[in-house]
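The values are calculated or read from the model by the stated rules, or taken from the named source; none is laboratory data. Since we're looking at a predicted model, the values are computed, not measured. Neighbour counts run over all protein chains shown; Cβ positions are idealised from the backbone, glycine included.
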Amino acid sequence: MTKKIYTVTDLGPGDGGKGGVVHKIATMMRAHTIIKVGGFQGSHGVCTSRGERFAFSQWSCGTFEGIKTHISSRMIISPGGLLNEADVLRYLYGIHDPFSLLTIDETALCATPYHGIASRIKEMARGNNPRGTIGTGAGEAYRYSQRYSHLIIRAGDLARPDFKDLLAGVRTQIQSDLSQVNEWEFLPGDREAVEREVNLLNDDEFLDHIEKYFREAAKLAKIVGHDYLGREILTKDGVAVIESSHGVLTDSYYGFHPHTSAIRTLPCFTHAMLREAGYGGEMVNIGVFRAYAIRHGAGPMPTADPKMLESLLPDSHKEENRFQGKVRVGPLDLVQLRYAVKVCGGPSAFDGLAVTWFDQIITNGEWLICEQYPEITVLKFPATDNREELFTFCADILGEKLGIPVRMVSLGPTEQDKICK
Amino acid sequence: MGKNTFSRDTYEAATKRFVAAEGPATARAEQKAHETGKLNPLVDPAGYGVIRRSLPRFEKQTNGLWLLTIGTPMPIESRVDTTGSMGHNVDVALRVLPKAYELCSGVLPGYDLQIATGIFGDVCDRFVLCRPQFEMIAGKIVEQLTLMVPERNGGDRPEDPHYGIFGATYLTHTYASRIGLKGYDFTISDAPGRDLIDECQLKRIYGDEIFIKIAENGYQIDPHSLPTTIDVVQELLKRAHAFFLQVENTSDTTEFWTKVFGPERVVVLPSTELLPQVQSAIIGLTEGTLNLQDVEEFLKKNNVSDSDAKKIVRSVANIPIGAQASLPNFGKRPKKGDLFKEKTDLWPIDPIEFTTESPNKTGVPEGGPNWL
């Protein structure tokens, strides 16, 4: 047996279809573990050939297959969210003991609802110039951890006797940071929401509630030492998959400021984590993106074309929320893709590409690609519904334009619709 | 995934954790409901996708197959009247829970017991129904019982358990029924019910998406032509051994429920405290794991008085004895340790097939592990 790790990296600003790709690789290669990095706010959709359909947050996209999830030290978790996700998995999908499939590195950073409140209030204070956030507090927890080391809550702290004091300390700091909130300007439509957030922040019963839920999560979850990754997971024969949140274009350094995540999203940081854990086996790096450009949230999107929304996203994902705004789509942006590949180390940093949602392009009959702004090339499909030929058509074009071989093309929602070569 | 089952130890730990030292077990939930006007989603009939599911528990094996960890899941859904004088019934159900589990598991050997004990009130109450999830471990069953919000002082005659029976019929998905077996369903009350079901009440209880969910679960119901209570029970009987357990001997109650369930499915329950004994006697007789001549002794051995035991025996003598055992697939039901190719498959693979088939047919996905 060999040891092999697949790293799946979104080469866009997120929403690239990582969920289905991770699920496909983990299923096909019979992975023993999926290792999560990034933040819990990532929602990774999986649709199985058995009919299950769920957007995973903290459990990995291999959960329906009974594959174990390890939340690494490079993941920001929501302990309360773990309880909610576990109940959904239990009652809707018959995964009766989801915590038995989960281990959490004791050093994983915990976001609290207070970080979420701070994130949402700050975003609302930006009025019509949003940074682009989901507002769950994952990024805010990271930023606070950089600023106030004494207020860091890690998974291993959840069972501490003085945990409530730590939590209260986070709240006090956020209360202090937001003490002038009454003088800030907000859009008229946001004022009521801000007031609700402030009330929650100051509600002592809410503090008790959070403590109770966090402690409950700590009881149910198997929180393991930082060396568990190297000692127990990476020493196993077989395959593991790295499932990361976000995309390269929201990397805190190489992303487009200010529309970036607080964390680093490049695969080299994951590789460093594996090296630090003593891993010396084979690594396979897969870059993922949709066959068209997509962005949910603020940030530059030169090829955005509102007219393409209905044809590319029929009946789905068009809901607007206060923090991410509308989903935007447009022709595949090879300029941004090349940039993403370059900041990851160039084409040689990847062993293959996985192109998702190609079926939607096929349905529409033409493929719009932008090689340089503002020119759009329209590609016509060969007259075939042969999956092999469609794969080759996609692979030849993108392989040539990006210098990386295409190894997976998604022609539908389930793992059976993903063609791998 | 998961292989824990109910035990006295975990029950004790759960009651310590979820039940307040003083007052009714549901005190916290009642207070919360008073503040928010809402039920906890675990017991809200509209919560967690509306449909209640009783599914097998599997563990994925390294060869890609799914191992059944406990046995064929057997759902036992009960809805207990908590109106008026029956307002304390959640505390009773909680108290007798270990006995209920032990007795039922004794007459259901080899099954994975999945229990959902809810409560019902009246349409004029704040909450007409609390419908929990099917559960198999003490912590979750106890937690859900403590999340119920009984009306206590409310309730008139008749009552409205038929909304709970409606959910049991059209909003329940069970593996047992997929393989041609039936689960168990009990309605416990001292009052008659009503004949008709109202669309507005259904939406109030189960949410606006109720008819979409019913369709998702494989039934077609026209909201403008709803089935009657009798129709609903007749449909329920296709997937469950359903019974009305009558507390107190009032003629209007007997008359109403006999009309709905048939006389053979209305069984006397001398008091809610004896729910475990009566349920297990019914289940044992239906499964063929208890003989009618042994029922009286079985009841007496389990703390039922002589007179109550005689009453119960007279009552259960008329139920469809052996009804489960006579179902064609009864002897074929999967057992602990059986291997399934897919977790959604109806039947396990034949062990012979497993040893002789090529690897591809036993779970190795096509494409194999040769990609990259």
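Can you confirm whether the stretch A:314-325 contains a residue that is outside any loop (DSSP other than H, G, I, E, B), modelled with pLDDT under 95 and surrounded by fewer than 18 Cβ atoms within 10 Å (Cβ to Cβ)? Walk me through it before giving the result.
Within the stretch A:314-325, the first condition is being outside any loop (DSSP other than H, G, I, E, B), and the residues that meet it are A:321, A:325.
Now restrict to residues that are modelled with pLDDT under 95: A:321, A:325.
Subsequent filtering for residues that are surrounded by fewer than 18 Cβ atoms within 10 Å (Cβ to Cβ) retains A:321, A:325.
The answer is yes, given that some residue of the stretch A:314-325 is outside any loop (DSSP other than H, G, I, E, B), modelled with pLDDT under 95 and surrounded by fewer than 18 Cβ atoms within 10 Å (Cβ to Cβ).
Going residue by residue through the stretch B:219-227, is there one that turns out to be β-branched (V, I, T), modelled with pLDDT of 95 or more and part of a helix (DSSP H, G or I)? Give the steps one after another, and end with the answer.
Here is the first cut: in the stretch B:219-227, the residues β-branched (V, I, T) are B:221.
Still in the list and also modelled with pLDDT of 95 or more: B:221.
Narrowing the set further to residues that are part of a helix (DSSP H, G or I) leaves none.
No.
Considering only the stretch A:251-283, how many residues are more than 18 Å from the chain's Cα centre (by Cα), closer than 24 Å to B:W371 by Cβ and either touching a residue at least 12 places away in the same chain (Cβ under 8 Å) or surrounded by 18 or more Cβ atoms within 10 Å (Cβ to Cβ) (or both)? Please lay out each step first, then the result.
Narrowing the stretch A:251-283 to residues more than 18 Å from the chain's Cα centre (by Cα): A:257-258, A:272, A:274-283.
Among the residues that remain, those that are also closer than 24 Å to B:W371 by Cβ are: A:274, A:279-283.
Imposing the further condition that a residue be either touching a residue at least 12 places away in the same chain (Cβ under 8 Å) or surrounded by 18 or more Cβ atoms within 10 Å (Cβ to Cβ) (or both) reduces the set to A:274, A:279, A:281-283.
The number of residues fulfilling the criteria is 5.
When the stretch A:89-102 is examined, which residues are found to be at the interface with chain B (Cβ under 7 Å from one of its Cβ atoms) and aliphatic (A, V, I, L, M)?
A:L92, A:I95, A:L101
Answer with yes or no whether A:L82 is on the phi < 0 side of the Ramachandran plot and within 14 Å of chain B (Cβ to nearest Cβ).
Details: on the phi < 0 side of the Ramachandran plot: yes; within 14 Å of chain B (Cβ to nearest Cβ): no.
When the stated conditions are applied, A:L82 does not pass them.
Quick grid of which residues meet (1) free of Cβ contacts under 8 Å to residues at least 24 places away in the same chain; (2) away from chain A (no Cβ under 14 Å); (3) not small (G, A, S):
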site: B:L94; (1), (2), (3): no, yes, yes
site: B:C104; (1), (2), (3): no, yes, yes
site: B:D112; (1), (2), (3): no, no, yes
site: B:R131; (1), (2), (3): no, no, yes
site: B:F134; (1), (2), (3): no, no, yes
site: B:G139; (1), (2), (3): no, no, no
site: B:Q144; (1), (2), (3): no, no, yes
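Quick check: is even one residue across the stretch A:74-95 of a type outside the set (S, T, Y), touching a Cys at 6+ places or on another chain (Cβ under 9 Å), assigned by TED's automatic domain parsing to the domain that holds A:A277 and in a loop (DSSP other than H, G, I, E, B)? Walk me through it before giving the result.
To start, the set of residues in the stretch A:74-95 that are of a type outside the set (S, T, Y) comprises A:74-77, A:79-90, A:92, A:94-95.
Remaining after also requiring touching a Cys at 6+ places or on another chain (Cβ under 9 Å): A:76-77, A:79.
Subsequent filtering for residues that are assigned by TED's automatic domain parsing to the domain that holds A:A277 retains A:76-77, A:79.
Of the ones still in play, those that are also in a loop (DSSP other than H, G, I, E, B) are none.
No, that holds for no residue.
Could you please tell me which pairs satisfy a Cβ distance under 6 Å, a separation of 6+ or placement on different chains, a first residue in the stretch B:34-51 that is in a loop (DSSP other than H, G, I, E, B), and a second residue that is small (G, A, S) and crowded, with 18+ Cβ neighbours inside 10 Å?
Here the result reads B:P41/B:G47; B:P45/B:G167, each pair linking the stretch B:34-51 to a residue that is small (G, A, S) and crowded, with 18+ Cβ neighbours inside 10 Å.
Scan the stretch B:265-275 and give yes if some residue there is within 19 Å of the chain's Cα centre (by Cα), under 14 Å from B:D185 (Cβ atoms) and not in a helix (DSSP H, G or I), otherwise no.
Within the stretch B:265-275 (the criterion being within 19 Å of the chain's Cα centre (by Cα), under 14 Å from B:D185 (Cβ atoms) and not in a helix (DSSP H, G or I)), the answer is yes, since at least one residue qualifies.
Does at least one position in the stretch B:269-277 carry a residue that is in contact with a Ser or Thr (Cβ under 8 Å, 6 or more places away or on another chain), surrounded by fewer than 22 Cβ atoms within 10 Å (Cβ to Cβ) and closer than 30 Å to B:L68 by Cβ?
Looking for residues that are in contact with a Ser or Thr (Cβ under 8 Å, 6 or more places away or on another chain), surrounded by fewer than 22 Cβ atoms within 10 Å (Cβ to Cβ) and closer than 30 Å to B:L68 by Cβ, one finds none in the stretch B:269-277, hence no.
Name the pairs whose Cβ atoms lie under 7 Å apart, with the first residue in the stretch A:44-57 and more than 17 Å from A:R290 (Cα to Cα), the second aromatic (F, W, Y), and 6 or more positions between them or separate chains?
These pairs meet every condition: A:T48/A:F64; A:E52/A:F64; A:E52/A:Y93; A:F54/A:Y93; A:S57/A:F40.
Does B:P158 satisfy the criteria of being buried (at least 24 other Cβ atoms within 10 Å of the Cβ) and part of a loop (DSSP other than H, G, I, E, B)? Give the steps one after another, and end with the answer.
Values: buried (at least 24 other Cβ atoms within 10 Å of the Cβ): no; part of a loop (DSSP other than H, G, I, E, B): yes.
Criteria not met by B:P158.
Select, from A:Y114, A:Y148, A:Y93, A:Y142, the only residue that is aromatic (F, W, Y), more than 27 Å from B:K60 (Cα to Cα) and touching a strand residue (DSSP E or B) at 6+ places or on another chain (Cβ under 9 Å). Walk me through it before giving the result.
Numbers: A:Y114 fails: touching a strand residue (DSSP E or B) at 6+ places or on another chain (Cβ under 9 Å); A:Y148 fails: touching a strand residue (DSSP E or B) at 6+ places or on another chain (Cβ under 9 Å); A:Y93 fails: more than 27 Å from B:K60 (Cα to Cα).
Going through A:Y114, A:Y148, A:Y93, A:Y142 in turn, the sole match is A:Y142.
Of everything in the stretch B:1-36, what is charged (D, E, K, R) and either more than 14 Å from every other protein chain (Cβ to nearest Cβ) or at positive phi (or both)? Give them in sequence order. Reasoning before the result, please.
Quick first cut of the stretch B:1-36, residues charged (D, E, K, R) only: B:3, B:8-9, B:12, B:16-17, B:22, B:28, B:30, B:32, B:35.
Across the stretch B:1-36, the qualifying residues are B:R8, B:D9, B:E12, B:E22, B:E30.
Yes/no matrix, rows are residues, columns are (1) under 24 Å from the mean Cα position of the chain (by Cα); (2) modelled with pLDDT of 95 or more:
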{"position": "A:L368", "(1), (2)": "no, yes"}
{"position": "A:A383", "(1), (2)": "no, no"}
{"position": "A:E388", "(1), (2)": "no, no"}
{"position": "A:C394", "(1), (2)": "no, yes"}
{"position": "A:R407", "(1), (2)": "yes, yes"}
{"position": "A:T414", "(1), (2)": "yes, yes"}
{"position": "A:D417", "(1), (2)": "yes, yes"}
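Which one is farthest from the chain's Cα centre (by Cα), of the residues in the stretch B:17-66 that are of a type in the set (K, R) and under 30 Å from B:R178 (Cα atoms)? Outline the logic, then answer.
Initial filter on the stretch B:17-66 (of a type in the set (K, R)): B:17, B:28, B:32, B:38, B:52-53, B:57, B:60.
Going one step further and asking which of them are under 30 Å from B:R178 (Cα atoms), we end up with B:52-53, B:57, B:60.
On the way: B:R52: 10, B:R53: 10, B:R57: 17, B:K60: 27 Å.
Selected residue: B:K60.
Being touching a residue at least 12 places away in the same chain (Cβ under 8 Å), more than 14 Å from chain B (Cβ to nearest Cβ) and either of a type in the set (S, T, Y) or within 16 Å of A:D10 (Cβ to Cβ) (or both) narrows it down to one residue among A:I286, A:I369, A:I294, A:I362; which is it?
Details: A:I286 fails: more than 14 Å from chain B (Cβ to nearest Cβ); A:I369 fails: either of a type in the set (S, T, Y) or within 16 Å of A:D10 (Cβ to Cβ) (or both); A:I362 fails: either of a type in the set (S, T, Y) or within 16 Å of A:D10 (Cβ to Cβ) (or both).
Of A:I286, A:I369, A:I294, A:I362, the one residue that is touching a residue at least 12 places away in the same chain (Cβ under 8 Å), more than 14 Å from chain B (Cβ to nearest Cβ) and either of a type in the set (S, T, Y) or within 16 Å of A:D10 (Cβ to Cβ) (or both) is A:I294.
Select from the stretch B:42-59 the residues that are farther than 26 Å from B:C104 by Cα and facing chain A (nearest Cβ under 8 Å) and write down the one among them that is surrounded by the most Cβ atoms within 10 Å (Cβ to Cβ). Quick ask: steps written out before the conclusion?
If we filter the stretch B:42-59 for residues that are farther than 26 Å from B:C104 by Cα, which is where we start, we get B:46-50.
Going one step further and asking which of them are facing chain A (nearest Cβ under 8 Å), we end up with B:48-49.
Working: B:Y48: 19, B:G49: 17.
The qualifying residue surrounded by the most Cβ atoms within 10 Å (Cβ to Cβ) is B:Y48.
Which of the residues that make up the stretch B:292-326 are assigned to a loop (DSSP other than H, G, I, E, B) and closer than 15 Å to B:L103 by Cα? Even if it seems obvious, please write down each step before you answer.
Step one: of the stretch B:292-326, the residues assigned to a loop (DSSP other than H, G, I, E, B) are B:302-305, B:317-326.
Selection gives B:N302, B:N303, B:V304.
Take the residues of the stretch B:60-81 that are surrounded by 24 or more Cβ atoms within 10 Å (Cβ to Cβ) and of a type in the set (A, V, I, L, M, F, W, C): which is farthest from B:I282 (Cα to Cα)?
Start the filter on the stretch B:60-81 by keeping residues that are surrounded by 24 or more Cβ atoms within 10 Å (Cβ to Cβ), which leaves B:66, B:73-77, B:79-81.
Those left that are additionally of a type in the set (A, V, I, L, M, F, W, C): B:66, B:74, B:76, B:80.
Values: B:W66: 33, B:M74: 14, B:I76: 12, B:V80: 17 Å.
Among those residues, the one meeting the criterion is B:W66.
For the stretch B:161-216, which positions are in a helix (DSSP H, G or I) and either at pLDDT below 95 or within 27 Å of B:I321 (Cα to Cα) (or both)? First the steps, then the outcome.
Going through the stretch B:161-216, the residues in a helix (DSSP H, G or I) turn out to be B:162-170, B:175-178, B:199-206, B:210-216.
Selection gives B:H162, B:G164, B:I165, B:F166, B:G167, B:A168, B:T169, B:Y170, B:Y175, B:A176, B:S177, B:R178.
For the condition under 17 Å from the mean Cα position of the chain (by Cα), surrounded by 21 or more Cβ atoms within 10 Å (Cβ to Cβ) and in a loop (DSSP other than H, G, I, E, B), what is the one hit in B:Q114, B:Q133, B:Q144?
On the way: B:Q114 fails: in a loop (DSSP other than H, G, I, E, B); B:Q144 fails: in a loop (DSSP other than H, G, I, E, B).
Result of the check over B:Q114, B:Q133, B:Q144: B:Q133.
Where the second residue is among the acidic types (D, E) and assigned to a strand (DSSP E or B) and the first is in contact (Cβ under 8 Å) with a residue 60 or more places away in the chain and lies in the stretch B:229-257, which pairs have Cβ atoms under 6 Å and are six or more apart or on separate chains?
Matching pairs, first to second residue: B:A240/B:D185; B:A242/B:D185.
Of all residues in the stretch A:16-52, count the ones that are more than 9 Å from every other protein chain (Cβ to nearest Cβ) and on the phi > 0 side of the Ramachandran plot.
Of the residues in that region, 2 qualify.
Taking A:E388, is it part of a helix (DSSP H, G or I), of a type in the set (D, E) and within 14 Å of another protein chain (Cβ to nearest Cβ)? Please lay out each step first, then the result.
On the way: part of a helix (DSSP H, G or I): yes; of a type in the set (D, E): yes; within 14 Å of another protein chain (Cβ to nearest Cβ): yes.
In short, yes.
For B:V149, indicate whether it is over 13 Å from the mean Cα position of the chain (by Cα) and either at positive phi or of a type in the set (V, I, T) (or both). Can you show your working first?
Working: over 13 Å from the mean Cα position of the chain (by Cα): yes; either at positive phi or of a type in the set (V, I, T) (or both): yes.
Judged against the criteria, B:V149 is a match.
Restricting attention to the stretch B:60-81, and to residues there that are under 16 Å from B:Y101 (Cβ atoms) and not β-branched (V, I, T), which single residue is nearest to the other protein chains (Cβ to nearest Cβ)?
The qualifying residue nearest to the other protein chains (Cβ to nearest Cβ) is B:P73.
Could you list, in sequence order, the residues of the stretch A:144-196 that are of a type in the set (K, R) and free of Cβ contacts under 8 Å to residues at least 24 places away in the same chain? Walk me through how you get there before you give the answer.
Step one: filter the stretch A:144-196 for residues of a type in the set (K, R), giving A:147, A:154, A:160, A:164, A:171, A:191, A:196.
Within the stretch A:144-196, A:R147, A:R160, A:R191, A:R196 meet the criteria.
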